[in-house]
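Only one structure is covered here, and it is reproduced in the block below.
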Amino acid sequence: KEIFEQPRALEDTLRGRVSLESGDLEAAEMGVSVEDARAVKRVILLACGTSYHAALHGRYLLESLARVPAVAELASEFRYRDPVVGEGDLVVAVSQSGETADTLAAAKEARERGARLLAVVNVQGSAIARASHGTLYTHAGPEIGVASTKCFTAQLAALTMLAIHLGRARGALTADKGRELLHEFVQLPHKMRDALAASRHVESVARAVMHTRDALFLGRGLSSAVALEGALKLKEISYVHAEGYAGGEMKHGPLALVDRDMPVVCLVPSDSTLEKMLSNVQEVRARDGQVIAVLDDEKAGAGLAAHTLKVPRTIEWFTPLLTIIPLQLLSYYVADLRGTDVDQPRNLAKTVTVE
Ligand code: M6R
């Protein structure tokens with residue numbers, strides 16, 4: 001249900017915030033004025049779990065669209081290593097619940113040391129929102145499933161808005177470029193609906209791989225965070241051991257795992273990573289691995305794949321909002337076919353309020 005609510009969650013997150021005329025965002029609630037945006041020397045994104053994967057995406061967009069140095073940090077590590085953080089840093093705490101203990105503590109620590117704190121949270125009035133100078137709410141609605149799905153794509157959208165806002169304020173993005181990006185951005189809910197319409201096909205692929213013990217997920221560039229998130233979804237709800245890797249790391253170890261019994265989900269959208277990803281696909285095929293290709297163009301690598309999961313085409317920056325959908329569905333169907341509880345996986349809590 002929540003996977004299928006994503007187009008609506010995205011529409012609600014964008015509503016009233018996008019100005020197609022000016023190519024900019026209505027950004028007052030963020031508490032990051034144009035002057036603040038210009039004064040930012042570095043952005044530090046803090047988060048855990050799925051929200052951390054959204055933060056990795058945010059880092060990429062902030063660097064490419066706003067040309068501001070950005071890092072994504074696991075909140076649970078950041079707070080214990082006496083970090084160098086203070087004035088000039090914009091710290092962005094990303095959290096569905098707004099209550100995750102490690103993210104809250106790390107964010108408060110950064111604020112105490114002089115950073116400006118922005119919350120990207122889903123729950124109104126949550127602890128992280130209250131501790132921050134400004135809040136950019138994801139309007140995904142209540143998320144009950146322990147595995148985060150609609151909040152993930154809403155976080156990607158919110159961080160994209162932040163990157164466009166900073167890019168416009170800092171002069172890294174022209175009004176024309178801003179308009180071009182936002183025109184495509186508002187098309188994404190329709191494209192998400194198209195991606196969701198392929199759910200029966202994803203179910204058939206899930207049937208083909210449901211008995212596997214392990215799986216690999218590979219992506220490069222913006223798709224590397226999608227690979228991590230796809231692997232997390234599968235392990236979380238189906239208990240299949242899954243690893244997400246940046247494609248370039250394959251040769252540095254994981255390739256040793258590939259044999260005929262290993263499904264390898266390869267993210268091969270037709271973007272700047274395509275050629276390199278196709279070499280990864282070939283490396284996997286050469287070891288008899290079963291490639292499941294997530295693509296937006298049938299011609300790209302489909303001949304090498306045992307299965308393909310097709311999504312509509314969009315521009316590179318927005319591709320993860322679409323390519324994650326078949327991976328969420330795949331995890332859902334594998335879990336359902338294996339008879340595990342997709343809403344409440346064993347050993348996990350929706351919100352981790354202890355350290
Ligand atoms: O509420 P938060 O976004 O701060 O939660 C962070 C993680 O606990 C959360 O994303 C967790 O990894 C999910 N179960 C992933 O589906």
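Being open to solvent by 10 Å² or more (accessible area, probe 1.4 Å), outside any loop (DSSP other than H, G, I, E, B) and within 11 Å of the ligand (Cβ to nearest atom) is the filter here, so list the residues in the stretch 111-146 that pass it.
Selection gives ALA127 alone.
Is it the case, given these coordinates, that ALA140 is within 30 Å of ARG179 (Cβ to Cβ), out of contact with any strand residue (DSSP E or B) (no Cβ under 7 Å at 6 or more places or on another chain) and modelled with pLDDT of 95 or more?
Details: within 30 Å of ARG179 (Cβ to Cβ): yes; out of contact with any strand residue (DSSP E or B) (no Cβ under 7 Å at 6 or more places or on another chain): yes; modelled with pLDDT of 95 or more: no.
No; evaluated as a whole, the condition is false for this residue.
So, in the stretch 263-297, of the ones that are part of a helix (DSSP H, G or I) and small (Gly, Ala, Ser), which residue ends up nearest to LEU321 (Cα to Cα)?
Kept after step one, since they are part of a helix (DSSP H, G or I), are these residues of the stretch 263-297: 274-286.
Cutting the leftovers down to small (Gly, Ala, Ser) gives us 279, 286.
Details: SER279: 24, ALA286: 30 Å.
Once the filter is applied, the top-ranked residue is SER279.
How many residues does the stretch 33-55 hold that are away from the ligand (no atom under 16 Å from the Cβ), open to solvent by 10 Å² or more (accessible area, probe 1.4 Å) and closer than 28 Å to ASP102 by Cβ?
Final tally of qualifying residues: 5.
Return the residue satisfying two criteria in turn: it lies in the stretch 19-32 and is under 18 Å from LEU117 (Cβ atoms), surrounded by 14 or more Cβ atoms within 10 Å (Cβ to Cβ) and among the small types (Gly, Ala, Ser), and of such residues it is nearest to the chain's Cα centre (by Cα).
ALA27
Could you identify the single residue in HIS211, HIS190 that is within 28 Å of PHE4 (Cα to Cα), within 23 Å of the chain's Cα centre (by Cα) and more than 16 Å from the ligand (Cβ to nearest atom)? Before the answer, list the steps.
Details: HIS211 fails: within 23 Å of the chain's Cα centre (by Cα).
Residue meeting the stated conditions: HIS190.
Cβ-Cβ below 6 Å, separation at least six or inter-chain, first residue in the stretch 278-289 and farther than 17 Å from GLU249 by Cα, second modelled with pLDDT of 95 or more and among the hydroxyl-bearing types (Ser, Thr, Tyr): which pairs?
The qualifying pairs do not exist here.
Going by the structure shown, is ARG260 assigned to a helix (DSSP H, G or I), free of Cβ contacts under 8 Å to residues at least 40 places away in the same chain and more than 23 Å from LEU62 (Cβ to Cβ)?
On the way: assigned to a helix (DSSP H, G or I): no; free of Cβ contacts under 8 Å to residues at least 40 places away in the same chain: yes; more than 23 Å from LEU62 (Cβ to Cβ): yes.
No; evaluated as a whole, the condition is false for this residue.
Only one of (1) of a type in the set (Ser, Thr, Tyr); (2) farther than 21 Å from VAL342 by Cβ; (3) open to solvent by less than 40 Å² (accessible area, probe 1.4 Å) fails for THR212. Which number is that?
For THR212, the failing item is (2).
Would it be correct to say that GLN328 is assigned to a loop (DSSP other than H, G, I, E, B) and either within 20 Å of ASP214 (Cα to Cα) or within 16 Å of the ligand (Cβ to nearest atom) (or both)? Spell out the reasoning first.
Working: assigned to a loop (DSSP other than H, G, I, E, B): no; either within 20 Å of ASP214 (Cα to Cα) or within 16 Å of the ligand (Cβ to nearest atom) (or both): yes.
In short, no.
In the stretch 346-355, is there at least one residue being in contact (Cβ under 8 Å) with a residue 12 or more places away in the chain, away from the ligand (no atom under 16 Å from the Cβ) and acidic (Asp, Glu)?
So far as the stretch 346-355 goes, no, none of its residues is in contact (Cβ under 8 Å) with a residue 12 or more places away in the chain, away from the ligand (no atom under 16 Å from the Cβ) and acidic (Asp, Glu).
For the list (1) touching a His at 6+ places or on another chain (Cβ under 8 Å); (2) within 15 Å of the ligand (Cβ to nearest atom); (3) among the basic types (Lys, Arg), I need the number of the one condition that LYS108 fails.
(1)
Just to be sure before I move on: is LEU156 closer than 25 Å to PRO345 by Cα, open to solvent by less than 30 Å² (accessible area, probe 1.4 Å) and either touching a residue at least 40 places away in the same chain (Cβ under 8 Å) or within 13 Å of the ligand (Cβ to nearest atom) (or both) in the structure I sent? If you could, list the steps in order and put the result at the bottom.
Values: closer than 25 Å to PRO345 by Cα: yes; open to solvent by less than 30 Å² (accessible area, probe 1.4 Å): yes; either touching a residue at least 40 places away in the same chain (Cβ under 8 Å) or within 13 Å of the ligand (Cβ to nearest atom) (or both): yes.
It is true that LEU156 is closer than 25 Å to PRO345 by Cα, open to solvent by less than 30 Å² (accessible area, probe 1.4 Å) and either touching a residue at least 40 places away in the same chain (Cβ under 8 Å) or within 13 Å of the ligand (Cβ to nearest atom) (or both).
May I ask you to say which residue of THR319, THR340, THR323 is in contact with an Asp or Glu (Cβ under 7 Å, 6 or more places away or on another chain), modelled with pLDDT of 95 or more and open to solvent by less than 60 Å² (accessible area, probe 1.4 Å)?
Details: THR340 fails: in contact with an Asp or Glu (Cβ under 7 Å, 6 or more places away or on another chain); THR323 fails: in contact with an Asp or Glu (Cβ under 7 Å, 6 or more places away or on another chain).
Among THR319, THR340, THR323, only THR319 is in contact with an Asp or Glu (Cβ under 7 Å, 6 or more places away or on another chain), modelled with pLDDT of 95 or more and open to solvent by less than 60 Å² (accessible area, probe 1.4 Å).
Filter the stretch 178-187 for residues that are open to solvent by less than 70 Å² (accessible area, probe 1.4 Å) and either among the hydrophobic types (A, V, I, L, M, F, W, C) or within 19 Å of the chain's Cα centre (by Cα) (or both) and give the result.
Kept after step one, since they are open to solvent by less than 70 Å² (accessible area, probe 1.4 Å), are these residues of the stretch 178-187: 178, 181-182, 184-186.
Within the stretch 178-187, LEU181, LEU182, GLU184, PHE185, VAL186 meet the criteria.
The values are calculated or read from the model by the stated rules, or taken from the named source; none is laboratory data. Given the structure is predicted, the values throughout are model-derived calculations rather than measurements. So basically every Cβ, Gly included, is an ideal-geometry build from the backbone, and we count neighbours across all protein chains shown. To get the accessible areas, we keep the full protein, side chains included, count just its heavy atoms, and leave off ligands, DNA and RNA. Shrake-Rupley method; radii C 1.70, N 1.55, O 1.52, S 1.80 Å.
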